[in-house]
1. Work out from phi, with θ = phi - 60° and the Karplus expression 6.51 cos²θ - 1.76 cosθ + 1.60, the ³J(HN,Hα) of each residue of the stretch 247-259, listed in order in whole Hz, and give x for Gly and Pro.
2. For the chain, what does -39500 (n - 2.57) per DSSP helix run (n ≥ 4), summed and divided by total residues, give at 222 nm, in deg cm²/dmol to the nearest 500?
3. Would you mind pulling out the separation of the Cα centroids of the stretch 261-310 and the stretch 127-146, in Å?
4. If DNA, RNA and ligands are ignored and the probe is 1.4 Å, what is the ranking of CYS291, CYS434 by accessible area, most exposed first?
5. Can you work out the FRET efficiency for the pair ILE394 and LEU279, with r the C-beta to C-beta distance and R0 = 45 Å, to the nearest 0.05?
6. Please give, to one decimal in nm, the separation of the simple spin-label points placed at TYR137 and THR412, each 7 Å out from Cα toward the Cβ.
7. Per 0.36 nm of contour for each residue apart, how much would the distance between PHE482 and ILE247 grow if the chain were fully extended, relative to their Cα-Cα spacing?
8. Which value, in Å², gives the accessible area per residue of the chain when a 1.4 Å probe is used on the protein heavy atoms?
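The values are calculated or read from the model by the stated rules, or taken from the named source; none is laboratory data. These numbers were taken from a predicted model, which means no experiment stands behind them. FYI the Cβ positions are ideal-geometry reconstructions off the backbone, even for glycines, and counts take in every protein chain you see. For accessibility, only protein heavy atoms count, side chains too; no ligands or nucleic acids. Shrake-Rupley method; radii C 1.70, N 1.55, O 1.52, S 1.80 Å.
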Amino acid sequence: MITDISKKISWLYNNPKILKGIYRGIERETLRIKKNGDFSKTKHPYFLGSSLTHKWITTDFSENLLEFITPATNNIDKLLSFLTDIHCFAASKMRHERMWPFSIPYSYKKKTNIQIAQYGSSNLGKMKSVYRTGLKYRYGDLINTISGIHYNFSFPILFWEYWKKQEEIDKNIDYISQGYLHVIRNYYRFGWIIPYLFGSSPAIPSFFLKNIKKKYPFKKNKENIFYLPWATSLRLSEIGYTNTNIIDLNIMFNDFNEYIESLQKSLITPSEKFINIGLKDKENNFKQLNCNILQSENELYTQIRPKRNTQNDESPILALKNRGIEYLEIRSLDINPFSSIGINKDQILVLDLFLIWCALIDSPKINKTDFIFINKNWEKIIFKGRKPNQNMYIYQENQKKTFIEISEIILTDLKKIALILDINSDDMQYQTVCDKIKSLFINPELTYSAKFLNLLIEKGIKKIGLNLSQKYYNEFININKFNRNKKIFEKETKYSHAKQKQIEQSDTLNFEEYIKNR
């Protein structure tokens, strides 16, 4: 099932420099809340800049759902420092509001009016808002306020050069794109260890559950928060994740051209379900960008996505098609409630190790039957990942290994990779983190989801949510005095407003023509 990678470890050990220059970026979502925990009703703060054009501070689905974006860097400490500086700057501009420290919005009230994110009067701004309006009609507004962390990762070009020789890849094909698809397939096969280790949403409020309560053996606390005793990340489940079925879309990540064709097909194929919503309302306002299976590429919600930076007004799929895969976007991380910025260094180190491992082990092509059992493995970990003696499928229905057996194999390999990475950095950080996660595999009560659930049961979600949001706010305000990027953020804030006006003044098409030309 998991191939022996001793030879590949040896060539990595002899060529450790090919792993120098890994680039990483982080996108962190967080809800703006009032001091009492209710959703903020205010618009995106003007002093945080234009949500349309600011490089690092924007909004996701709603006006009160902030998104912080770091630039890509090959230095983990600088990455986390920049993300901290963004938080500090934002906190200093939101004196009467706080940032919710969890993925799930537990303090929602039925009368709450969730305002779709607005991006100004330009065609680009309108398109972004209409896309989100479409998400509301298709899946509901509350579900789209669930927050997460996206971790962007790219291997050095030199790594792919060596990888190509080891894998004996045809030099005439896009071996880098093929390499990233190789990683993606293995992430699907084994990436469930990430929510096992770092999942932080084992509980969910009743208003998310609707008719699904009977399907799972939920318990609930005094606040009417429902939880599963061994759950890890309900955010990633059918309850919390607006996930388009990639099996139905025939997206198997086996071949780059096939991936592009399948994605393009979903962007132009009408959906009967979404046709019934209608394109416009009675006042002739758009309810969605189109009635197709996907309004845009961003609606393909998956655990991991191939990505390429766009140029000018280029669409994401065109960027991929023209220039191939540039990096991976890992989307299966919950907000870490035990970190003020939603993620910590240990998580990054583990993800680095795991993604390198995914590139080294064999990665057979995946068919629909394989994907069914792959999805079952994810479901097992999401709903009952901490349950003792868990069995996992191995591609075929009749083949199983225990969770512990598989994790031991993976951890053994990760330790070998850690040694090589530590040679590059001249320290022990990767080997140290391997020792830390070993204890989490041995004792599930040490995982984030277990610790979070114990707090929820003991103290209640509102109390710990408000306490943490206030604690982190105080930290941000204190640290902001030493914010080295404060002037850069102030400058970008002013520039972003000016840039939005420039975009609004340069439109030559009406909105309907603009959408058709996209």
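1. The phi angles translate into 5, 5, 7, 6, 9, 10, 6, 8, 9, 4, 5, 5, 4 Hz.
2. The helix contribution divided over the chain gives -14000 deg cm²/dmol.
3. Rounded to whole Å, the Cα centres lie 11 Å apart.
4. CYS291, CYS434
5. 0.50
6. 5.5
7. 79.7 nm
8. 45
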